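Participant: Got a structure for you, written out below as C-alpha cells; questions coming shortly.
The values are calculated or read from the model by the stated rules, or taken from the named source; none is laboratory data. Keep in mind the model is a prediction, meaning the values are calculated, not measured. Cβ coordinates were reconstructed from backbone atoms using ideal geometry, including for glycine residues, and neighbour counts include every protein chain displayed.
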Amino acid sequence: MLIKYPSPPPGRPGFVGLPQAEVRIAQASDGRWMWGISFYAGQGGEGFAPLEKWGRFADTCDAAVSAGIDELEKRLLGRREQDAHTRLLLDWIESLRAPAQPDLFGVAA
C-alpha cells in the first residue's frame, strides 16, 4: 500500500515526477505490518523503507497506516524551517486524518 502526495505525481507524460511525501506499508514475514515514510520539503528531505530492521511494527494494516502518518507528521514538525512546502504537506496529513464527508445521493453532507 502506498499513500503519496501529490497523486498522481507531477510532470509531463513520459517523464518521471517524484512525490513530495509518501507513506509505505508492507507486511513482515511474521504477519505484522510495517511502515516507512519519505518526504522532500524545502531544501531537503528524509525517509526510510518499511523494512523489518527498523523495528516499526503494527498488528493491523490500519494501525500501520496511522503510525506512518504520525511518523511523517512528527518529522515534518521537527524541521527547523517551516516553509511553504512543509506547511502544504502538514495540511495534506490533516486531510488524511479527517477525510471529507462523502456526497451521498447528490447532496453534500
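Participant: Output the number of residues of the stretch 46-66 satisfying the condition of being over 10 Å from Ile25 (Cα atoms), in a helix (DSSP H, G or I) and under 13 Å from the mean Cα position of the chain (by Cα).
Facilitator: Summing the residues that are over 10 Å from Ile25 (Cα atoms), in a helix (DSSP H, G or I) and under 13 Å from the mean Cα position of the chain (by Cα) in the stretch 46-66 gives 1.
Participant: Residue by residue through the stretch 46-74, note down the ones that are buried (at least 18 other Cβ atoms within 10 Å of the Cβ) and in contact (Cβ under 8 Å) with a residue 24 or more places away in the chain.
Facilitator: Scanning the stretch 46-74 gives Pro50, Ala58, Ala64, Val65, Ala67, Gly68, Ile69, Leu72.
Condition check ((1) at pLDDT below 90; (2) among the aromatic types (Phe, Trp, Tyr); (3) surrounded by 18 or more Cβ atoms within 10 Å (Cβ to Cβ)) across all residues:
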site	(1), (2), (3)
Leu18	yes, no, no
Arg24	no, no, yes
Asp30	no, no, no
Trp35	no, yes, yes
Gly42	yes, no, no
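Participant: With the structure loaded, tell me whether Glu94 is in contact (Cβ under 8 Å) with a residue 12 or more places away in the chain and either surrounded by 16 or more Cβ atoms within 10 Å (Cβ to Cβ) or charged (D, E, K, R) (or both) or whether it fails that test.
Facilitator: No; evaluated as a whole, the condition is false for this residue.
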